[in-house]
1. Out of everything in the range 136-163 that is in a loop (DSSP other than H, G, I, E, B) and over 17 Å from residue 306 (Cβ atoms), what residue ends up being farthest from the chain's Cα centre (by Cα)?
2. May I ask you to list the residues in the range 312-341 that are more than 24 Å from residue 242 (Cβ to Cβ), crowded, with 18+ Cβ neighbours inside 10 Å and among the aliphatic types (A, V, I, L, M)?
3. Checking the conditions here, which among 34, 59 is surrounded by fewer than 20 Cβ atoms within 10 Å (Cβ to Cβ) and modelled with pLDDT of 95 or more?
4. Residues to consider are 141, 187; find the one that is over 29 Å from residue 325 (Cα atoms), surrounded by 18 or more Cβ atoms within 10 Å (Cβ to Cβ) and not β-branched (Val, Ile, Thr).
5. Could you pull out the residue among 342, 355 that is β-branched (Val, Ile, Thr) and within 27 Å of residue 232 (Cβ to Cβ)?
6. Looking at the structure I just gave you, is residue 196 on the phi > 0 side of the Ramachandran plot and either buried (at least 22 other Cβ atoms within 10 Å of the Cβ) or aromatic (Phe, Trp, Tyr) (or both)?
7. Take the residues in the range 99-132 that are in a loop (DSSP other than H, G, I, E, B) and over 20 Å from the mean Cα position of the chain (by Cα), then tell me which one is surrounded by the fewest Cβ atoms within 10 Å (Cβ to Cβ).
8. When you look at residue 215, is it more than 22 Å from the chain's Cα centre (by Cα), closer than 30 Å to residue 110 by Cα and basic (Lys, Arg), yes or no?
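The values are calculated or read from the model by the stated rules, or taken from the named source; none is laboratory data. Computed from a prediction, not measured in an experiment: that's the story for all the values here. Note that each Cβ is placed from the backbone with ideal geometry, even for glycine, and that neighbours are counted across all protein chains shown.
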Amino acid sequence: MSHTEQPNQSSPTFLAFKKSLSGEVVRPGEQNYDYGIFRWTDNSVRPASYVVFPKSAEDVSKAIRFGENEGLELAICGGGHSWSSASSTTGLVVHLGKYLNSARCDPEAELLYVEGGALWETVDRVGMEHGLATVAGTVNHTGVGGLALGGGYGWLTGRRGMAVDNIVQLTVVLASGEIVIANEKEHPDLFWGCRGGGCNFGAITELVFKAHPQRPTVFVTFLTFPMEKLDTVVEAAEAWCTTAGPDEGCHLRCNGAGAGAKNPGLVLRVVYFYNGTAEEGRKAAKKLYDAGPSGENTMEELPYVKLNGLANAVNAHGGRKYAKGLTMKSQMTPAVMKDLVTAMELANKSSANYTNCGVLVDYTPKHAVMSVPLDAAAYAGRGTGIEFLAWIYYTDPSLDNATRDQVREWCSIVSNDASMATRAGKGDEALGIGYANYDPEPKGAAMVFGPNYERLRRVKRQYDPECVWKKWYPIEPAANREVS
């Protein structure tokens with residue numbers, strides 16, 4: 001059946017499948033269907049033929065087998081935040097978020113057991129009930145699985161590495177429908193591939209994370225600067241970055257709304273995090289304070305469980321969103337930042353439809369990230385580079401192409417600077433490849449996975465030779481003669 005055809009609602013095969021589930025399966029027009037295809041960004045919504053809400057790994061297995069037998073493309077949805085629409089399809093969606101969304105903590109073993117459809121807010125809350133935390137996303141209504149399997153930066157990254165580095169076990173439902181445990185001892189090659197290879201090998205119904213002792217409060221401040229201090233702010237952020245410790249984090253952000261907004265224009269801001277007291281944090285952030293902010297919105301010693309919810313409002317569900325990231329070879333320069341501001345100001349003036357557009361430079365210390373060997377997991381983004389993200393949030397579908405071109409232009413301002421370009425080449429490669437979870441057009445797996453790609457191809461050959469899973473940086477299976 002083609003992905004655009006309406007499903008046969010009374011076929012014996014479908015009725016038998018529906019009856020076999022402990023969860024639910026819905027079709028267009030039925031209750032919960034709209035919920036099943038709803039996504040964080042409207043441009044990721046696809047009219048699925050079926051949405052399955054499993055209550056167990058066995059339900060997921062049945063859904064995969066049914067979808068394959070019907071010739072349907074499969075997609076797995078956890079939190080539905082994928083920039084690349086990897087959680088959506090016109091075929092069959094396995095939506096883990098409705099029922100498989102809980103987490104539990106084993107405080108003695110310092111482990112967090114997280115179902116595949118859970119959100120980071122749940123993980124933070126459950127862990128901190130025992131004074132424990134793992135590396136979590138900085139927008140806590142994001143799904144755990146997609147972020148962690150693709151890397152996963154967070155405020156704790158400086159000390160604890162990336163979310164992917166804290167995974168100790170996975171429950172994986174393979175393309176065959178087989179349910180397996182993957183860890184360092186059982187299916188170690190699959191465990192290696194999933195940690196960075198994302199959804200290329202199966203549906204993950206449970207992730208087990210290392211949990212770490214975490215103080216109940218942290219220091220967070222938002223420092224706002226007048227635009228005429230842009231040079232000073234960029235230089236201060238770069239100076240801070242050279243001496244930053246593992247318990248710190250800093251985002252340099254310039255963003256705002258278009259001409260049609262209530263408060264149009266750009267705002268220059270530094271978001272600073274310190275995993276300690278307010279007194280310690282202000283001392284560690286002295287270089288940033290010395291830049292002379294015009295305003296400060298300090299959270300003092302914010303409860304840790306609220307930390308990853310601070311950016312939720314500006315990253316709310318709904319509307320259309322386009323973003324692209326790249327990894328800068330060297331630090332941001334005032335000249336490049338000025339060019340970005342000029343380009344964003346022009347874009348804002350020309351479009352009243354932009355609800356939020358901006359750029360972010362992520363100065364997360366990478367001590368712990370780089371301490372992990374490059375071949376320890378499939379995730380390959382372990383260099384010294386600094387992550388850059390550009391985005392536009394908007395509402396008008398007719399602006400999709402123009403918005404994409406605009407964001408890519410901003411990225412090209414960074415990648416075209418000889419001192420900052422990362423993996424510059426020809427064509428699209430000139431824009432650089434950065435943190436994989438940021439990319440809305442997940443192509444070029446060989447470039448993203450770098451030296452780990454050939455091993456990934458061999459793992460793909462073993463666990464998904466027919467490429468059932470192909471929604472995110474699809475990996476080409478190794479040919480038989482290439483498998484050793």
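1. Pass one, the range 136-163, residues in a loop (DSSP other than H, G, I, E, B): 136-142, 150-156, 161-162.
After this cut, where a residue has to be over 17 Å from residue 306 (Cβ atoms) as well, the list is 150-153, 161-162.
Working: 150: 7, 151: 8, 152: 6, 153: 8, 161: 15, 162: 12 Å.
Among those that are in a loop (DSSP other than H, G, I, E, B) and over 17 Å from residue 306 (Cβ atoms), it is 161.
2. Passing the criteria: only 323.
3. Numbers: 59 fails: surrounded by fewer than 20 Cβ atoms within 10 Å (Cβ to Cβ).
Residue meeting the stated conditions: 34.
4. Details: 141 fails: over 29 Å from residue 325 (Cα atoms).
The unique qualifying residue is 187.
5. On the way: 355 fails: within 27 Å of residue 232 (Cβ to Cβ).
Going through 342, 355 in turn, the sole match is 342.
6. Working: on the phi > 0 side of the Ramachandran plot: yes; either buried (at least 22 other Cβ atoms within 10 Å of the Cβ) or aromatic (Phe, Trp, Tyr) (or both): yes.
So residue 196 passes the test.
7. To start, the set of residues in the range 99-132 that are in a loop (DSSP other than H, G, I, E, B) comprises 99-102, 107-110, 116-118, 129-131.
Checking which are over 20 Å from the mean Cα position of the chain (by Cα) leaves us with 99, 107-110, 129-131.
Details: 99: 17, 107: 13, 108: 7, 109: 12, 110: 16, 129: 11, 130: 16, 131: 15.
Per the criteria, the residue is 108.
8. On the way: more than 22 Å from the chain's Cα centre (by Cα): yes; closer than 30 Å to residue 110 by Cα: yes; basic (Lys, Arg): yes.
Yes, satisfied.
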